[in-house]
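Colleague: To start, I am sharing the structure in question, which I have written as structure tokens.
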Amino acid sequence: MNMVTCNSGDPKLDNVVNGWLIRDKNPVTYQEVVDDIKNSRWDKLKKTMLNRQKFGTAGLRAAMGAGYMCMNDVVVLQTAQGLCSYVQKVCNQAQIHNGVVIGFDGRYNSKRFAELTAKVFISASIPAHLFSSVCPTPLVSFGTILYGAAAGVMVTASHNPKEDNGYKVYWSNGTQVITPHDDNILEEIWSCLDIPDEHWDIEEIRNHELVKDCQDEVTSKYMDYIRSSLREDVLETNRKAEIKTVYSAMHGVGYDFIVKAFETANLKAPISVIEQQNPNPDFPTVKFPNPEEKECLDLSRKLAEENGVKLVLVNDPDADRLAVAEYNDKSKSWKVFTGNEMGSLLGWWLLQQHILGGGPVGEDDVFLLASFVSSKMLRAVAKGKGQLVETLTGFKWMGNATLLLLEQGETPIFAFEEAIGYMCSPRVPDKDGVSAAVHVASLASSLYSKGSSLLGQLQALYAEYGYHISYNSYFIFHEPNVISKIFSRIRNYHGPGIYPKKVGSCKITSINDFTAGVKIPEEVNGGGQLRVLGTGLDQDYTSGEMIAFTCEGGLSVIVRTSGTEPKLKYYTELACHAPLPSEQEAKKVELEIMVKEFIEELLQPKENGLIG
């Protein structure tokens, strides 16, 4: 390539961009930077070049394009080199000998990024267990544990827009990296910026003696795990019930694996949404390939109605999350379950299965996990039989806390987050949309056989454990100083250091200001059983702003900033006695009024230019 140099007038920018041009051997991204220089796009280059991505709640994730803040060959090679160097320094010889596990989804460049990663490791004489085709993200977690590998890498941007890609790193324990490993890997990258020419050559990568195709073995062993996770009577009910389901892979990787998993679990093969069945990086039928968006379920519901099917299951494109909808014969409408509702149902189901299987029972033995912003309903469900442990947001915290509990001889059986992510066994210490689909279909088989339904069982849980309703949303902000203004006002509401005592009609009984480390009253623990290590709540909070309020009458409110986007998020839940649907509707209205009061008084969206 002809050498071009950057002369922006900013020495720091020139230095970084010229360093990029020396390293980048990809003609597409190289040309992108050349064009930016020729057209004096200095602001764009400052945004993409002057900082590096950090490992967020889901690893690296960004738009594909040139620059250190984007996803591209240079960033992938440098990240792989940093990870490889770190693994060589801290992992034991057995783990290094066992190599790394590398998977990828169906997005543009995913396979290439996976092969570039493999090349870095085999160049250091470390074996690479490389999937030969696309795979669900949870299979990389499972495979890392299966092989006793030093680390795992999944190239995916999950449900992000089609322009994005990402890079999820798993540690040798099969969970996503947390502190200190994430920070240490980023630090290691700085000493691995130069890319040897050989790392670019992936033409014969699949034929290398250190590259092992792990697709069939990991898939087969994963299916063995699926079968072993179901009791014999559940397998028998699945076989007899023969319930019909509709499934969508959302243009992602899930279809083949769901078909195999259903067969393994004696479930009838699902009817597939053909338009969304195969990986397609353009995601042509949806605006955003996120099954939390209601319109993403339109094709599935239509197909279900045409075939007289009550249950719809939809994975996101890397099959680590699951959306569930059920047709209600009484109301002649679809019930789309929230992550909190399905988390409560699945948690109850797996607790029942654990007890029926003769496992230990008691609050000191059995643990269910949830992110701090998720529903507290499982705490009521588990009372006397187990306990709910809360973690920071992000499944990396739930996965690591799960494994630490196991190490202490405890029995963690389930974890979930409100963003439709579920872990149905510590065998895969990460969210897993394949095993979750199997358990939801198995639960439905059991309920339908008894003349009930998922919604019917949820109502039964509300009657027994209290009605729990959530109302979550977010604002977008453009001025970062608005956030410090909002939170400063909350912290000095009635004078210096005096927090709000009442908001609208709600009297506040406790406050946990995670960022400032203030608890009112002082003994409030903010929901994380602090004797459980590794939750992220057992250390100083450094991920932005987060304050939790508990109020009289069963209302809880959490306000926090996103770690990856300019979003101010709020999570609310009302726990109350409302067994009848009419009472529940009234409580929904009540909650919306209370939430509106909180927003208007504490966040002041109009005054602060927040966009809802």
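Colleague: Could you list, in sequence order, all residues of segment 295-354 that are of a type in the set (D, E, K, R) and open to solvent by less than 10 Å² (accessible area, probe 1.4 Å)?
Modeller: Matches in segment 295-354: 316, 318, 320, 321, 326.
Colleague: Filter segment 322-342 down to the residues that are of a type outside the set (A, V, I, L, M) and touching a Phe, Trp or Tyr at 6+ places or on another chain (Cβ under 6 Å) and list them by number.
Modeller: 327, 334, listed by residue number.
Colleague: Same structure, new question: Give me the pairs, please: first residue somewhere in segment 228-240 and small (Gly, Ala, Ser), second residue anywhere and surrounded by 13 or more Cβ atoms within 10 Å (Cβ to Cβ) and at pLDDT 95 or above, beta-carbon distance under 6 Å, and either six or more positions apart or on two chains.
Modeller: 229/425
Colleague: If you don't mind, there's one more thing I want to ask. Taking segment 245-266 on its own, how many of its residues are touching a strand residue (DSSP E or B) at 6+ places or on another chain (Cβ under 7 Å) and open to solvent by 10 Å² or more (accessible area, probe 1.4 Å)?
Modeller: 1
Colleague: Give the number of residues within segment 398-423 that are assigned to a loop (DSSP other than H, G, I, E, B) and either under 24 Å from residue 548 (Cα atoms) or under 14 Å from the mean Cα position of the chain (by Cα) (or both).
Modeller: 3
Colleague: Can you name the number of the only condition in (1) part of a helix (DSSP H, G or I); (2) free of Cβ contacts under 8 Å to residues at least 60 places away in the same chain; (3) within 15 Å of residue 321 (Cα to Cα); (4) hydrophobic (A, V, I, L, M, F, W, C) that residue 434 fails?
Modeller: Against the list (1) part of a helix (DSSP H, G or I); (2) free of Cβ contacts under 8 Å to residues at least 60 places away in the same chain; (3) within 15 Å of residue 321 (Cα to Cα); (4) hydrophobic (A, V, I, L, M, F, W, C), residue 434 comes up short only on (2).
Colleague: Related question: Please determine whether any residue of segment 388-397 is β-branched (Val, Ile, Thr) and in a loop (DSSP other than H, G, I, E, B).
Modeller: There is at least one residue in segment 388-397 that is β-branched (Val, Ile, Thr) and in a loop (DSSP other than H, G, I, E, B).
Colleague: Still on this structure: Surrounded by fewer than 18 Cβ atoms within 10 Å (Cβ to Cβ) and either touching a strand residue (DSSP E or B) at 6+ places or on another chain (Cβ under 9 Å) or not basic (Lys, Arg) (or both): does that describe residue 85?
Modeller: When the stated conditions are applied, residue 85 passes them.
Colleague: Taking segment 565-583, which residues are in a loop (DSSP other than H, G, I, E, B), closer than 24 Å to residue 458 by Cβ and open to solvent by 20 Å² or more (accessible area, probe 1.4 Å)?
Modeller: Answer for segment 565-583, where residues must be in a loop (DSSP other than H, G, I, E, B), closer than 24 Å to residue 458 by Cβ and open to solvent by 20 Å² or more (accessible area, probe 1.4 Å): 577, 579, 580.
Colleague: Could I ask something else about it? Evaluate segment 557-564: report whether one residue or more is open to solvent by less than 40 Å² (accessible area, probe 1.4 Å), part of a helix (DSSP H, G or I) and either without any contact (Cβ under 8 Å) to a residue 40 or more places away in the chain or within 18 Å of residue 340 (Cβ to Cβ) (or both).
Modeller: Looking through segment 557-564, none of the residues is open to solvent by less than 40 Å² (accessible area, probe 1.4 Å), part of a helix (DSSP H, G or I) and either without any contact (Cβ under 8 Å) to a residue 40 or more places away in the chain or within 18 Å of residue 340 (Cβ to Cβ) (or both).
Colleague: For segment 185-204, name all the residues that are outside any loop (DSSP other than H, G, I, E, B), within 30 Å of the chain's Cα centre (by Cα) and buried (at least 16 other Cβ atoms within 10 Å of the Cβ).
Modeller: Residues satisfying the conditions are 185, 186, 188, 189.
Colleague: For segment 267-291, how many residues meet the condition of being within 24 Å of residue 335 (Cβ to Cβ), surrounded by fewer than 18 Cβ atoms within 10 Å (Cβ to Cβ) and in contact (Cβ under 8 Å) with a residue 40 or more places away in the chain?
Modeller: Residues flagged as within 24 Å of residue 335 (Cβ to Cβ), surrounded by fewer than 18 Cβ atoms within 10 Å (Cβ to Cβ) and in contact (Cβ under 8 Å) with a residue 40 or more places away in the chain within segment 267-291 amount to 1.
Colleague: Can I ask one more? Looking for whichever is hydroxyl-bearing (Ser, Thr, Tyr) and touching a Cys at 6+ places or on another chain (Cβ under 8 Å) here; the options are 220, 133, 191, 229. Which one fits?
Modeller: On inspection, the qualifying residue turns out to be 229.
Colleague: Separate question: Here is a list: 370, 380. Which entry is touching a helix residue (DSSP H, G or I) at 6+ places or on another chain (Cβ under 7 Å), modelled with pLDDT of 95 or more and surrounded by fewer than 20 Cβ atoms within 10 Å (Cβ to Cβ)?
Modeller: 380
Colleague: Please return the ranges of helices (runs of 4 or more DSSP H) entirely within segment 7-121 where 3 or more residues are farther than 26 Å from residue 432 by Cβ and in contact with a His (Cβ under 9 Å, 6 or more places away or on another chain).
Modeller: Once the helices (runs of 4 or more DSSP H) in segment 7-121 are filtered for at least 3 residues that are farther than 26 Å from residue 432 by Cβ and in contact with a His (Cβ under 9 Å, 6 or more places away or on another chain), what remains is 73-90.
The values are calculated or read from the model by the stated rules, or taken from the named source; none is laboratory data. Note that this is a predicted model, so its numbers are computed, not measured. Cβ sites come from the backbone with ideal geometry, for glycine too, and all protein chains shown count toward neighbours. In case anyone asks, the SASA skips ligands and DNA or RNA and just uses the protein heavy atoms, side chains included. Shrake-Rupley method; radii C 1.70, N 1.55, O 1.52, S 1.80 Å.
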